[in-house]
Structures are given as C-alpha cells and as structure tokens.
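Enquirer: Please read through the structure below; I'll follow up with questions.
The values are calculated or read from the model by the stated rules, or taken from the named source; none is laboratory data. A quick note: this is a predicted structure, and the numbers were derived from the prediction, not measured. Quick reminder, even Gly has a Cβ in these numbers, built from the backbone with ideal geometry, and neighbours come from all protein chains shown. Calculation scope for accessible area: heavy atoms of the full protein, side chains included, ligands and nucleic acids excluded. Shrake-Rupley method; radii C 1.70, N 1.55, O 1.52, S 1.80 Å.
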Amino acid sequence: TFLYTFNGQQKRIRFNPKNATFNILYLKAFSLGYEPHISALFDLITPPNGVFYDVGSNWGWFSLLLASRPGFQGKIHAFEPFPPTYADLTSMVEQAGVGNAITCHNVAMMEQAGSASIYLPDHIHSGCATVTSDTGGGKTVIRTSTLDSFSAEPPDVMKVDVEGNELSVFKGGSGMLQKHKPIIVFENKRDRENS
C-alpha cells in the first residue's frame with residue numbers, strides 16, 4: 001500500500017506488487033519520487049484550472065500527482081490501452097477518490113482509429129507495453145483512436161509516453177495540436193537501428 005493525500009485527507013491505496021511497474025513505490029532508487037524533475041515540471045506548467053492529457057498513463061502516477069495538488073480545479077484525461085494496466089489505473093483513481101478530476105480512457109491514441117495489438121516485451125513490466133500492427137504471438141487486441149476525434153476539452157499540457165509510437169499520436173492529433181498548441185512533454189524512445 002501507499003499513502004495518497006487528497007483535499008487534506010490521507011488514503012491508503014492498495015496496489016499489485018507483482019506488476020513490476022509499481023517498483024517506483026518501493027525501490028530505494030525512487031525514494032525521492034518517480035522522475036522528480038518531470039513531476040516538478042508538470043507541477044510548474046499545468047495551470048490550477050488546466051486540462052492535462054496523460055497519453056500512456058500506465059497506472060496514473062502523473063495524473064494522481066496533479067490531481068492531488070492543493071487547489072487543482074482542472075481536468076485530467078488518462079489514456080491507457082493495455083487492459084490489465086487500465087484496471088490498475090481505474091483502481092488507483094477510485095481508491096484515491098479523484099474520479100471528478102481524472103477521467104480514464106481504455107484506448108490507444110494513434111494515427112488512425114480502429115484496432116491494434118499490444119504486448120509486454122519483457123512479459124512483466126506494464127510500463128513497457130508496446131503497440132504493434134503484428135497480431136501474432138498471443139498479443140492483446142486493443143482499440144485505437146485519434147486526438148483529433150477526441151471530443152473533450154482541449155489540453156493545456158500533454159504527457160505522451162507510448163513506447164516508440166509518439167509520432168503516431170502526434171499525426172493523429174495534428175489538427176488539435178495546431179489549433180490549441182498545448183505544451184507537450186514526450187518520451188523519445190528513438191530506435192537507433194532505424195535512424
């Protein structure tokens with residue numbers, strides 16, 4: 001379990017330690033928090049009444065962090081396509097009592113709407129879940145959509161961490177991105193073999 005503070009109240013949140021992605025809660029390497037420099041950046045650039053898109057939210061570290069900020073009156077949309085991880089995400093949001101601030105979406109934001117496959121390359125760490133067009137090898141079929149077709153308030157800030165599919169997310173949201181110009185923080189998982 002871990003303690004989560006929201007509106008001055010502490011809640012004990014249960015998590016599944018068999019999912020290696022939760023190691024950020026108990027490994028000594030993360031004693032100062034998970035990616036404290038990125039966490040501080042989101043705290044700084046997300047307005048108190050802003051809209052945050054967490055694309056590739058995993059179990060929701062950054063979404064939960066922003067929702068717990070004192071005075072945060074904004075809206076968070078957390079996108080997580082991998083079914084077991086989406087279950088972790090919705091469990092975290094429900095246990096924390098932040099469903100009014102965080103809306104969870106079980107979809108992969110991509111270049112096109114439809115379906116794709118997702119798998120865990122290392123078979124244990126949900127933070128490495130990778131979307132692919134290959135359907136073989138026991139991969140899980142997921143739903144895909146585009147940011148351009150997403151009908152909610154536009155983001156002020158976006159985090160995009162989708163294991164190498166960042167460009168697909170941006171192509172599927174090119175209209176929205178050009179119109180609303182959110183601040184974007186994204187992971188660059190560059191494949192040096194294809195550079």
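Enquirer: If the label point is 7 Å along Cα→Cβ of SER115, which residues in segment 143-180 have backbone nitrogen under 19 Å from it?
Expert: Output list for this probe position: 143-146.
Enquirer: With every protein chain present, what is the per residue accessible area of segment 1-92 (1.4 Å probe, Å²)?
Expert: Using a 1.4 Å probe on heavy atoms only, each residue of segment 1-92 averages 50 Å².
Enquirer: Something else: Quick one: Karplus J couplings for segment 14-20, per residue in order, coefficients 6.51, -1.76, 1.60, θ = phi - 60°, nearest Hz, x for Gly and Pro?
Expert: 8, 9, 9, x, 5, 7, 4
Enquirer: Further question on the same structure: How large is the accessible surface per residue of segment 94-153, computed with a 1.4 Å probe and reported in Å² as a whole number?
Expert: 53
Enquirer: While we're looking at this one, here's another question. Placing +1 on the Cβ of each Lys and Arg and -1 on the Cβ of each Asp and Glu in segment 84-195, which of PRO154, ASN106, PRO84 has its Cα farthest towards the positive end of the resulting dipole?
Expert: The listed residue farthest towards the positive side: PRO154.
Enquirer: Could you please state how large a percent of the accessible area of segment 82-195 is carbon and sulfur, counting protein chains only and using a 1.4 Å probe?
Expert: Carbon plus sulfur share of accessible area: 48 percent.
Enquirer: Determine the share of segment 1-70's accessible area contributed by carbon and sulfur atoms, expressed in whole percent, with a 1.4 angstrom probe.
Expert: Its accessible area is 57 percent carbon and sulfur atoms.
Enquirer: Give me the dipole magnitude in Debye, nearest 20, for segment 45-125 about the Cα centre, with unit charges on the beta carbon: positive for Lys and Arg, negative for Asp and Glu.
Expert: Numbers: 2 positive and 6 negative charges, 60 e Å.
The calculated dipole for segment 45-125 is roughly 280 debye.
Enquirer: Can you check what the net charge comes to around PHE6, using other residues whose Cβ is under 14 Å from the Cβ of PHE6 (Lys, Arg +1; Asp, Glu -1)? The partial results should precede the final answer.
Expert: Values: positive: LYS11, ARG12, ARG69; negative: GLU94.
Around PHE6, the charge tally is +2.
Enquirer: What length, rounded to one decimal in nm, is gained on full extension from THR132 through to LEU3, with 0.36 nm per residue of separation minus their alpha-carbon distance? Before the final figure, lay out the partial values.
Expert: On the way: separation 129, 0.36 × 129 = 46.44 nm, distance 3.56 nm.
Gain on extension, THR132 to LEU3, equals 42.9 nm.
Enquirer: Under 29 Å from the Cα of LYS28, which lysines turn up, not counting those fewer than eight places away in the same chain?
Expert: Straight-line reach from LYS28, under 29 Å: LYS11, LYS18, LYS159, LYS189.
Enquirer: In the chain, what is the volume of the convex hull around the alpha carbon atoms, normalised per residue and reported in Å³? Present the calculation step by step, with values, prior to reporting the outcome.
Expert: Working: hull volume 24.8 nm³, N = 195.
Looking at the chain, the number lands at 127 Å³ per residue.
Enquirer: Right, another one. Explain nothing, just the number: dipole magnitude of segment 1-85 about its Cα centre with +1 on each Lys and Arg Cβ and -1 on each Asp and Glu Cβ, in debye rounded to the nearest 20.
Expert: With only Lys, Arg, Asp and Glu charged at Cβ, the dipole is about 340 debye.
Enquirer: Can you give the % of DSSP beta bridges in segment 36-194 that are antiparallel, to the nearest 5?
Expert: Of those bridges, close to 30 percent are antiparallel.
Enquirer: From the protein chains alone at 1.4 Å, what is the descending order of accessible area for PHE62, PHE15, largest first?
Expert: PHE15, PHE62
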